Amino acid sequence: MATSSQSSVELGSHEVKDYICNACEDQNNVVTSADFYCKQCERLYCGNCIDPHSKALAKHTTFGRVEIDKWPVSKKVVDFLQICDVHKDHKIDQFCNLHKQLCCPQCVSDQHSQCSKVTPINELTDTQPTDLQGLSVELETVLGEIKSLLSIQEANVKSLQGSYKEHGTFMIDQMRVNIDTYIDVCSNRSVSTSRTNEQCLKEEICSSVLSILNEFDNITAKELSEMKAEVISIKGSVTSSFHKCTSLHNDLSQFHEIVQKIGDHKQLCLIASIKCKHIIQQALTLLGKSGKAFNVQSNAKHNVRIPSDSDVCLITGICVLTDGQVLVADWKNKRCKLLNQQYQVVSHCDVTDVRDMCQITPSEVAVAVNKNASNTHNVQFITVTQSQLSLGRKLELQHGCTGITCHQGELFICSGTALYKYTLYGKQLCRLYEDRSSDYAVVRCAVSPTGDRLYIISYRQNKLLTLARDGTLLATYTYPALGYPLGLHVTPAGQVLVCGLGSATVLQVGWEGKSKLATLATQEDGVWRPRSVCYSSTTSSIIVGQGWDDTILVFRVE
């Protein structure tokens, strides 16, 4: 059968000579790309070598590259599929049913020797389905979604940088307006002044202008510096995600190319099928479309009350930081508390009427503050430095602020009756959704990992709404166990968590927002009037904040 040598360049490169001319290799030991395959000879020929072959063996059937599906599987493709990703000097020959992993002999020896069922690949070829045509269609679909995500991420970075520059220009222009306004006021005062008083007025103007400039240096410049750090951090996060998308896009493209080439080679089809499903699942997770339901392994209670608390705790918001520390909003005691990885309070700061919170950068959190009685509606930024909390800048709002989430430099804020989109620096971009049927129709929000779906809690109507990026309603989910939903969170893999205040239930809903995937916890598990929920990737745990209770619940999941 025809064979071909493997190039040192990886699969997917345009430089790869996936098929080489057997005649050139035999005669001159030269590597030349093949353009034809002879079925009877089972050999490959380049454009020069096919002519003498065709003259000598005119009745042989040859296929050009336009009919490459009739060629044999190239050694490059065979090696790509069969060689173990971990142990490059071994070939895959077994499958672990317990871990759903392809294995080489070294993999079995190192990691799967105790597994109950490790089966040789050749024994699975007749029992395992290998719908390569279906996989090809699925690969093509996911490839398109990854391409769209790459475009969106590029646009988000440009938008974030533009917002920062725009806000910086606005702040400088505002300083100039303050100076010009003050000078105009002073000029009007100088009309009726004597020369002596005029000199004093000039000195006063100079002093005041210097004071305005100093205030800009001390406050505004510091704020701009902090904002620049935010932009750099968010840009780094987006860039990292962009690289993951690019890598997955390349992998998906390779497999899409492979499934067109391997024909009916049963073992290769099986290996390709298993690898394709694995890479597709990775892509779906990155796209925030993981259909995996959590399985609760254990649960524990942790007390978050501190000696200076004046009342029982009421946890309205939870945010897990990148390093595994947890920030909780205690509405009743009017403060935010920082917990270490053992869920012990290590720092706190006072914030009145805190309703919700979300992470902006690894060291910064935005808190939704809302008090209708005093017409107080703002976003308070909190910085975490060496396990200590400090209050930062504040965005004043002209509407309610009951829920907040962030995606790549854009803030989404619930007012109670509407969902708004803002820049990170307080510029309102648009109103995405509105429902004035109740003051509690739009109370909490969350965003998918890719930013293409928004989720809204409608408290009074016991509903979870799913919106498109532009605010179009995609799905409405109601379920008896929602029972006045209030806590809402989306994991990095796109799993949607909702907790019902009245039903004392924590649910997982599918990423489409149309169906329940699992009931994760109920009152029997210690859940009592849950108001907030969050997932920690660091500890693989779901954290539930309770109302009128000094504890949070931590559920270990897999």
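The values are calculated or read from the model by the stated rules, or taken from the named source; none is laboratory data. Please read all numbers here as calculations on a predicted model, not as lab measurements. Backbone-built Cβ (ideal geometry, glycine too); neighbour counts: all protein chains shown. Surface areas here come from the heavy atoms of the whole protein model, side chains and all, with no ligands, DNA or RNA. Shrake-Rupley method; radii C 1.70, N 1.55, O 1.52, S 1.80 Å.
Could you give me the residue pairs with C-beta distances under 7 Å whose first residue belongs to the stretch 436-456 and is within 14 Å of Lys421 (Cα to Cα) and at pLDDT 95 or above, whose second residue is part of a loop (DSSP other than H, G, I, E, B) and acidic (Asp, Glu) wherever it lies, and which are 6+ apart or on separate chains?
Close Cβ pairs (under 7 Å, with a partner that is part of a loop (DSSP other than H, G, I, E, B) and acidic (Asp, Glu)) amount to Val442/Asp435.
Between Leu268, Leu248, Leu252, which is touching a Leu at 6+ places or on another chain (Cβ under 9 Å), part of a helix (DSSP H, G or I), touching a residue at least 60 places away in the same chain (Cβ under 8 Å) and closer than 18 Å to Val78 by Cβ?
Leu268
Answer with yes or no whether Lys394 is in contact (Cβ under 8 Å) with a residue 12 or more places away in the chain, outside any loop (DSSP other than H, G, I, E, B), charged (D, E, K, R) and open to solvent by 30 Å² or more (accessible area, probe 1.4 Å). Steps first, please.
Values: in contact (Cβ under 8 Å) with a residue 12 or more places away in the chain: yes; outside any loop (DSSP other than H, G, I, E, B): yes; charged (D, E, K, R): yes; open to solvent by 30 Å² or more (accessible area, probe 1.4 Å): yes.
So Lys394 fits the description; yes.
Scan the stretch 374-391 residue by residue and report those that are within 20 Å of Arg444 (Cα to Cα) and open to solvent by 20 Å² or more (accessible area, probe 1.4 Å).
Asn375, Thr376
Exactly one condition in (1) in a loop (DSSP other than H, G, I, E, B); (2) in contact (Cβ under 8 Å) with a residue 12 or more places away in the chain; (3) of a type outside the set (Ser, Thr, Tyr); (4) farther than 27 Å from Asp79 by Cα is not met by Gln114; state its number.
(2)
Residues to consider are Asp85, Asp89; find the one that is closer than 19 Å to His256 by Cβ and surrounded by fewer than 17 Cβ atoms within 10 Å (Cβ to Cβ).
Values: Asp89 fails: closer than 19 Å to His256 by Cβ.
Testing whether each residue is closer than 19 Å to His256 by Cβ and surrounded by fewer than 17 Cβ atoms within 10 Å (Cβ to Cβ) leaves just Asp85.
Tell me yes or no: at least one residue of the stretch 197-212 is over 28 Å from the mean Cα position of the chain (by Cα), modelled with pLDDT of 85 or more and either surrounded by 11 or more Cβ atoms within 10 Å (Cβ to Cβ) or of a type in the set (Asp, Glu) (or both). First the steps, then the outcome.
Applying the first criterion (over 28 Å from the mean Cα position of the chain (by Cα)) to the stretch 197-212 yields 197-212.
With modelled with pLDDT of 85 or more added as a condition, the list becomes none.
No: the stretch 197-212 contains no residue that is over 28 Å from the mean Cα position of the chain (by Cα), modelled with pLDDT of 85 or more and either surrounded by 11 or more Cβ atoms within 10 Å (Cβ to Cβ) or of a type in the set (Asp, Glu) (or both).
Given the structure, is Ser253 of a type in the set (S, T, N, Q), touching a helix residue (DSSP H, G or I) at 6+ places or on another chain (Cβ under 9 Å) and open to solvent by less than 20 Å² (accessible area, probe 1.4 Å)? Break it down stepwise before answering.
Values: of a type in the set (S, T, N, Q): yes; touching a helix residue (DSSP H, G or I) at 6+ places or on another chain (Cβ under 9 Å): yes; open to solvent by less than 20 Å² (accessible area, probe 1.4 Å): no.
Spelling it out, it is not the case that Ser253 is of a type in the set (S, T, N, Q), touching a helix residue (DSSP H, G or I) at 6+ places or on another chain (Cβ under 9 Å) and open to solvent by less than 20 Å² (accessible area, probe 1.4 Å).
Filter the stretch 397-427 down to the residues that are at pLDDT below 95, assigned to a strand (DSSP E or B) and within 18 Å of Ala468 (Cα to Cα) and list them by number.
His407, Glu410
Take Val369 and tell me if it is part of a strand (DSSP E or B) and open to solvent by less than 20 Å² (accessible area, probe 1.4 Å).
Values: part of a strand (DSSP E or B): yes; open to solvent by less than 20 Å² (accessible area, probe 1.4 Å): yes.
Criteria met by Val369.
Residue by residue through the stretch 428-438, note down the ones that are over 19 Å from Gly487 (Cβ atoms) and in a loop (DSSP other than H, G, I, E, B). So that I can check it myself, show each step before the final result.
Going residue by residue through the stretch 428-438, those that are over 19 Å from Gly487 (Cβ atoms) are 428-437.
Passing the criteria: Asp435, Arg436, Ser437.
Show the residue pairs meeting these rules: Cβ distance below 7 Å; 6+ apart or different chains; first residue within the stretch 504-531 and touching a residue at least 24 places away in the same chain (Cβ under 8 Å); second residue open to solvent by 10 Å² or more (accessible area, probe 1.4 Å) and among the acidic types (Asp, Glu).
These pairs meet every condition: Trp528/Asp549.
Could you check the stretch 42-73 and list, in sequence order, the residues that are open to solvent by less than 40 Å² (accessible area, probe 1.4 Å) and assigned to a loop (DSSP other than H, G, I, E, B)?
Pass one, the stretch 42-73, residues open to solvent by less than 40 Å² (accessible area, probe 1.4 Å): 44-47, 49-50, 53, 63-64, 71-73.
Selection gives Cys46, Gly47, Cys49, Trp71, Pro72, Val73.
Residues checked against (1) in contact with a strand residue (DSSP E or B) (Cβ under 9 Å, 6 or more places away or on another chain); (2) in a strand (DSSP E or B); (3) touching a residue at least 60 places away in the same chain (Cβ under 8 Å):
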residue	(1), (2), (3)
Lys275	yes, no, yes
Lys289	no, no, yes
Lys301	yes, yes, yes
Arg305	yes, no, yes
Ser310	no, no, no
Ile318	yes, yes, yes
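If Asn250 meets every condition in (1) farther than 30 Å from Ala366 by Cα; (2) modelled with pLDDT under 75 apart from one, which number is that one?
(2)
Do we find that Glu558 is surrounded by fewer than 16 Cβ atoms within 10 Å (Cβ to Cβ), farther than 17 Å from Asp330 by Cβ, of a type in the set (Asp, Glu) and in contact (Cβ under 8 Å) with a residue 40 or more places away in the chain in this structure?
Numbers: surrounded by fewer than 16 Cβ atoms within 10 Å (Cβ to Cβ): yes; farther than 17 Å from Asp330 by Cβ: yes; of a type in the set (Asp, Glu): yes; in contact (Cβ under 8 Å) with a residue 40 or more places away in the chain: yes.
Taking the combined requirement at face value, the residue satisfies it.
Across the stretch 493-519, which residue is most open to solvent (accessible area, probe 1.4 Å) among those that are part of a strand (DSSP E or B) and more than 19 Å from Leu474 (Cβ to Cβ)?
Taking the stretch 493-519 as the starting set, the residues that turn out to be part of a strand (DSSP E or B) are 496-500, 505-509, 516-519.
Within this subset, residues satisfying the condition of being more than 19 Å from Leu474 (Cβ to Cβ) are 499-500, 505-506, 518-519.
Numbers: Cys499: 0, Gly500: 1, Thr505: 13, Val506: 2, Ala518: 16, Thr519: 67 Å².
Only one residue fits best here, namely Thr519.
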